[in-house]
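Enquirer: Below are the structure tokens for one structure; questions will follow.
The values are calculated or read from the model by the stated rules, or taken from the named source; none is laboratory data. Please read these numbers as outputs of a predicted model, since none were measured by experiment. With ideal geometry, Cβ positions are generated from the backbone for all residues, glycine too; neighbour counts draw on all protein chains shown.
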Amino acid sequence: MQHSHDAFVLSMTRQDIANYLGLVVETVSRLFTRFEEMGVLKVERKQIQICNFAKLDELAGEPSPLALTSAG
């Protein structure tokens, strides 16, 4: 994955993110997976690429995307 304005290296581990947000690591992993399935992010180890800025903005104002999986 190339470095650009839409890609970056995540310096925190998934466990660090979970701890910071008060979540379990499984929830963080599920969110990354869900965002990939939705075409919002591409995740390769610690490399993150934002694939759809508009959708990410839209999701930022909505409830957790995990709720979408339990409804369907």
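Enquirer: Filter the stretch 15-56 down to residues that are loosely packed, with under 14 Cβ neighbours inside 10 Å and of a type in the set (Phe, Trp, Tyr) and give me whichever is nearest to Ser4 (Cα to Cα).
Expert: By that ranking, first place goes to Phe53.
Enquirer: List the residue pairs whose Cβ atoms are under 8 Å apart, where the first residue sits in the stretch 34-57 and is in a helix (DSSP H, G or I), the second is modelled with pLDDT under 95 and among the polar types (S, T, N, Q), and the two are 6 or more positions apart or on different chains.
Expert: The qualifying pairs are Arg34/Thr69.
Enquirer: If you check Asn52 against the conditions, is it more than 11 Å from the chain's Cα centre (by Cα) and at pLDDT below 95?
Expert: yes
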